[in-house]
Amino acid sequence: MTYDDKIAIGYSQAIYEEMVHASSKFPMFASEHEGYAIILEEMDELWDAVKLNQKNPERANMICKECIQVGAMALRFLHDMQIRREQE
């Protein structure tokens, strides 16, 4: 299996940008429980996209979008936990 840096960097940038966008709209996660719940909600949305009919022309785009959102919320969770630790 080959690894393509351009693809990985492109998706990493998209994940970062989505995290920044979400952070501008919503406050820090109130707790680890909230962070987990948000990631779980995004995973449920990804699962819904995966279950779509494979002939659906929007399926692949929807899966990519949801994967980016899962990654963004995981990054946000890590970020917020680090900020909280530094404030203690």
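Here are a few things to note about the model shown:
- Using a simple spin-label model with pseudo-atoms 7 Å out from Cα toward Cβ, K55 and T2 lie 3.3 nm apart.
- Computed from Cα positions, the angle between helix 59-87 and the longest principal axis of the chain comes to roughly 10 degrees.
- R0 of 30 Å, Cβ-Cβ distance F26-I63: FRET efficiency to nearest 0.05: 0.80
- Proximal lysines to K51, defined as alpha-carbon separation beneath 27 angstrom and excluding residues fewer than eight positions away on the same chain: K65
- For a modelled paramagnetic label at E86, 7 Å from Cα along Cα-to-Cβ, the residues of the stretch 1-23 in reach, with backbone nitrogen under 16 Å, are 20.
- Charged side chains reduced to their Cβ positions (Lys and Arg at +1, Asp and Glu at -1) give the chain a dipole of some 240 debye around its Cα centre.
- Shape category assigned to the stretch 23-88 from the gyration tensor of Cα positions, a/c cut at 1.5: prolate
- Under 10 Å, Cβ to Cβ, from S31 - net charge with Lys/Arg +1 and Asp/Glu -1: -2
- Relative contact order %, the chain, counting alpha carbon pairs below 8 Å whose residues are six or more apart: 41
- Between E17 and L40, the C-beta separation translates, for a Förster distance of 25 Å, into a calculated FRET efficiency of about 0.65.
Computed from the coordinates by the stated procedures, all read-outs in this text should not be read as laboratory data. Since the structure is predicted, the reported quantities are computational estimates derived from the model, not experimental observations. Quick reminder, even Gly has a Cβ in these numbers, built from the backbone with ideal geometry, and neighbours come from all protein chains shown.
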